[in-house]
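The values are calculated or read from the model by the stated rules, or taken from the named source; none is laboratory data. Note that the structure is predicted; figures quoted are calculated from it, not measured. Positions of Cβ are generated from backbone atoms using ideal geometry, with glycine treated the same way; all protein chains shown enter the neighbour counts. What goes into the accessible areas is simple: the full protein's heavy atoms, side chains included, and nothing from ligands, DNA or RNA. Shrake-Rupley method; radii C 1.70, N 1.55, O 1.52, S 1.80 Å.
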Amino acid sequence: MWWNLKETEPKRKYRFVVAINNTGYYTVKSVSKPKLTFDNKEYKMINHFYKYPGLGKWEDIDITFVDNIKSETSGLFTKLVNASGFANPNGKQISGSAGGSTASKTASNTSIGEIKITQVNGAGKEIEVWTLHDAILKDVSWGDTLAYSDDELVEYKLTIQYDYATIGENGITSMAPPSSK
């Protein structure tokens with residue numbers, strides 16, 4: 001049996017790191033891996049159907065974070081939104097400073113940079129690295145409903161769109177430490 005061999009080890013869902021702009025975030029709770037969907041076509045010729053491959057489209061990914069009292073995740077989200085060029089109708093960004101007129105692909109790409117999803121083995125060695133290229137923000141959520149009857153953790157969520165993904169490049173260059181403030 002292959003799973004009894006010392007040199008084999010199945011990949012585990014809980015062994016991963018997500019890096020945005022080469023900084024890994026320890027507050028990430030979950031991330032969906034890249035998914036490629038093909039727009040295949042079916043054609044009828046006389047009394048038969050034939051299927052042909054269509055264009056590939058990379059599906060959005062969701063990254064779920066857990067925030068802490070020092071608001072590191074909230075700060076990251078605010079920084080990403082502000083750097084993407086977003087401004088409220090009053091002309092100010094969500095943190096209160098003067099903003100741009102509207103978000104742009106260039107500004108969003110620059111604020112997010114590359115997103116890397118790295119799976120590691122039991123020894124912490126990289127075994128699979130996905131890189132999302134030309135990523136832009138789609139949805140930003142600073143949590144869900146707050147309720148006195150619920151003692152669950154507050155989860156923040158980013159939905160990211162990207163032009164394409166590659167697998168197998170190098171991983172992160174640094175890990176975001178817990179803030180000492």
Item to check | Largest-first principal axis extents, alpha carbons of the stretch 60-146, Å | outcome: 50, 33, 20
Item to check | Value of [θ]222 nm, deg cm²/dmol, for the chain, DSSP H segments ≥ 4, -39500 (n - 2.57) each, nearest 500 | outcome: -3000 deg cm²/dmol
Checklist outcome for this item: Share of accessible surface on carbon and sulfur in the chain, whole %, 1.4 Å probe and ligands ignored, is 54 percent
Item to check | Förster radius 45 Å - calculated FRET efficiency between residue 9 and residue 42 (Cβ-Cβ, nearest 0.05) | outcome: 0.65
Checklist entry - Tally Lys and Arg at +1 and Asp and Glu at -1 over the other residues with C-beta under 14 Å from the C-beta of residue 49: what net charge comes out? => result +2
Item to check | Radius of gyration and maximum dimension Dmax of the stretch 25-65, Cα, Å | outcome: 17.8, 58
Checklist outcome for this item: In Å, the Kirkwood hydrodynamic radius from C-alpha pairs for the chain sits at 18.9 Å
Item to check | Loop-resident sites, the stretch 63-166, for chymotrypsin sites (Phe, Trp or Tyr not before Pro), counting at most 13 other Cβ within 10 Å (DSSP) | outcome: 148
Checklist outcome for this item: Dividing the surface of the Cα convex hull of the stretch 25-106 by four yields a projected area in nm² of 9.3 nm²
Checklist entry - Once the convex hull of the C-alpha atoms of the stretch 5-52 is built, how many Å³ does it hold per residue, rounded to a whole number? => result 196 Å³
